[in-house]
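One structure is given below, encoded as structure tokens.
The values are calculated or read from the model by the stated rules, or taken from the named source; none is laboratory data. Being a predicted model, the structure only gives us computed values, none of them experimental. Please note: Cβ atoms are built from the backbone with ideal geometry, for glycine as well, and neighbour counts cover all protein chains shown. Quick note on the areas: whole protein, heavy atoms, side chains included, nothing else; ligands and nucleic acids left out. Shrake-Rupley method; radii C 1.70, N 1.55, O 1.52, S 1.80 Å.
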Amino acid sequence: MKQQKVIRRTTIGGQAILEGIMMKGPRKSCTVVRKPDGTLAIQEKDITPLGETYPVFKLPILRGIGGMVWMLKDGFAAIEYSSQFIEDDEEPGKFDRWLMEKFGEQRIEAFFSALSLVLGVAIPVALFILLPTLIAGLFPEDLSGIAKNTIEGIIKVLLFLAFMVSVSKMKDIYRTYCYHGAEHKTIYCYEKGLELTVENVRKQPREHPRCGTSFLFVIIIISILAHALVAWGSPAFRLVVRLAMLPLIVGVSYELNRWVGRTDNALTMLLRMPGLLLQRLTVFEPDDSMIEVAIEALKRVIPEREGEDEWK
């Protein structure tokens, strides 16, 4: 796969959401959603870098752990914002009306937002960490720990790929993945120093080396390597150890992804390849209206001070 040359590597990143994109720069975040009537809904926020608020998160490994938590928090907030503009023709049921009368609409929304955040973390952990180790534990006890760790690793990769393929077939997710493509293309256009126009953005590649999909795949691979170092014990022992190792795995994966994404040599280009290929399952070609959304979101988070968003 051809590697793209850029004149800058920006720390600005984005997330595709329902009919829109959330971009996050060093000092601002912006969520732009295409409403059913074709107009744009825009939400801008001033932000303070996590490392300035909590200096401990400037340290390697810890900055990846903190960044992951804040990314999940900001991502769910952007999804919640975009969901306001999705047309819903169904009337609330009796149970829904009872909940709103009993607790109030705002408290119900806050509860389900918190529940979504919890499930958003719990489901991937259960699917890609806990389930593989439980399945591997069903194999004969006389198998060596190395063999069981290998089986567990294969199951993780297969589950991850199956999940990516299956969700991409859903209509709403397919459109979200098209917005994902618009986000990547727009960031590439900015990194190449080109004017942010639909025409310039459309020519850019879909795949980007610092994509979240690549980051998730790196987490899977690092977890396989890390778990291989731990002795194979009882199911309870394995589950506790894997959960305890998760923050460290996230932190190490972040550092590796950061290095690979901002360094050009034969090794890093080779390490990028699996993630770039995997993005063909989660990054699709956008239409011009999606590119317009991405451009609008990116323009609003570019810092006023030149170079503030570049990787140091």
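Think of each Lys and Arg Cβ as +1 and each Asp and Glu Cβ as -1; about the Cα centre, that makes the dipole of the chain roughly 1140 debye. Solvent-accessible area per residue in region 244-312 equals 50 Å², computed with a 1.4 angstrom probe and all protein chains kept.
Among 276-284, 18-26, sorting by the average number of other beta carbon atoms lying within 10 angstrom of each residue, highest first, gives 18-26, 276-284. Could you please state how large a percent of the accessible area of region 146-264 is carbon and sulfur, counting protein chains only and using a 1.4 Å probe? Roughly 71 percent, rounded to a whole number.
Sorting the segments 172-181, 150-159 by their residues' average number of neighbouring beta-carbon atoms within 10 angstrom, most packed first, yields 172-181, 150-159.
Its DSSP H runs of at least 4 residues, each contributing -39,500 (n - 2.57), put the calculated 222 nm mean residue ellipticity of the chain at -19000 deg cm²/dmol, to the nearest 500. Is the shape of region 192-312 best called rounded, prolate or oblate, per the rule: a/c under 1.5 gives rounded, else a/b larger than b/c gives prolate, else oblate, with a ≥ b ≥ c the square roots of the Cα gyration tensor eigenvalues? Prolate shape, in that a/c is at least 1.5 and a/b is the bigger ratio. Of the complete DSSP H runs in the chain, those spanning 18 angstrom or more by Cα along the long axis with a mean Kyte-Doolittle score not below 0.5 are 105-125, 145-168, 212-227, 235-262, 266-278. With a Förster radius of 45 Å applied to the C-beta separation of residue 234 and residue 161, the computed FRET efficiency comes to 0.95.
Here residue 58 is the anchor, and the lysines within straight C-alpha reach of less than 17 Å, apart from those fewer than 8 places off in the same chain, are 312. In the chain, taking the dipole from charged Cβ atoms about the Cα centre, the farthest positive-side position among 168, 36, 59 is held by 59.
Highest GNM mean-square fluctuation among 253, 168, 234, for the chain modelled with Cα contacts below 10 Å: 234. Note on the chain: GNM, Cα springs under 10 Å; of 235, 132, 286, the largest mean-square fluctuation is that of 235. Of 166, 214, the residue with the largest accessible area leads and the full order is 166, 214 (1.4 Å probe).
In the structure shown, the pairs 5/185; 28/171; 45/203 are assessed against 19 Å; a Cα-Cα span above that value is assigned to 28/171; 45/203. Is any residue of region 35-50 close enough, with backbone N under 16 Å, to a label point placed 7 angstrom from the Cα of residue 299 along the Cα-Cβ axis, and if so, which? Answer for this model: 39-44.
Annotation for residue 59 and residue 248: the two label points, set 7 Å from Cα along the Cα-Cβ direction, are 1.4 nm apart. Where a ≥ b ≥ c are the square roots of the eigenvalues of the C-alpha gyration tensor, would you call the chain rounded, which needs a/c under 1.5, or, failing that, prolate if a/b is larger than b/c, or oblate? Since a/c reaches 1.5 but b/c is at least a/b, the shape of the chain is classed as oblate. Only the Cβ atoms of Lys and Arg (+1) and of Asp and Glu (-1) were treated as charged; on that basis the dipole of region 152-297 about its Cα centre amounts to roughly 560 debye.
Protection proxy ranking for 295-304, 241-250, 139-148, using the average of other Cβ atoms within 10 Å per residue and placing the highest first: 295-304, 241-250, 139-148. A Förster distance of 30 Å, applied to the separation of the beta-carbon atoms of residue 285 and residue 52, puts the FRET efficiency at 0.20.
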